[in-house]
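Worksheet: one structure, shown below.
Read-outs: derived from the displayed coordinates by stated rules, not from any lab. Model, not experiment: these values are computed from the prediction. FYI the Cβ positions are ideal-geometry reconstructions off the backbone, even for glycines, and counts take in every protein chain you see.
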Amino acid sequence: MIYQFEIFRNLTFSERKTFHIHLAYSIIEGIILGVLALNEFVFIKSMKGTSYQLSFLFQFGVIVMLFSVLLNEYLKRHKNLKRLLKTVAILTRVPLLFLILFPNDIAVLTSNPNYHFIFLTVFFIFFLAQPIILPLINLFLKNNYVHENFGRL
């Protein structure tokens, strides 16, 4: 098992639990990002989105990181960070389920431009989580891992 390695033998219960949760999160988030990595390709080829709309889709990931400057102070003052993390994770991932409702017919997608805006909105909401989730996960990891194990785990 995983505990055959020297680094995992000397972990506390809290560090092991944190490692398992972090590993599960990383796998799930990696799968989601892997599936969504082609969102620009899908938008152009399948949905026939315009270049102007595509430019928004490319910039969403960068633009929302500007919010991290403002959100940093909010995160410092917030009382219940665990509840905030769960709430943000759910609110920003649930809209991805709307993508299931998109029609498979290209004629319907091109005839109704609202699908383009819904697609862009879903991804904007998805990317809005980054300035909150990434610092909170880092904070939780720093609080649960001892300094010697933080870099390794």
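Computed quantities for the displayed model
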{"read-out": "Lysine pairs in the chain with Cα atoms under 16 Å, if 8 or more residues apart or on separate chains", "value": "4"}
{"read-out": "Label-point separation, Thr50 to Leu97 (7 Å along Cα→Cβ), nm", "value": "3.3 nm"}
{"read-out": "Distance between the stretch 107-130 and the stretch 132-153 - C-alpha centres, whole angstrom", "value": "33 Å"}
{"read-out": "The chain: mean projected area of Cα convex hull, nm²", "value": "11.4 nm²"}
{"read-out": "17 Å tail of the calculated P(r), the stretch 14-72, as % of Cα pairs", "value": "61 percent"}
{"read-out": "Over the stretch 74-129, volume per residue of the alpha carbon convex hull, in Å³", "value": "67 Å³"}
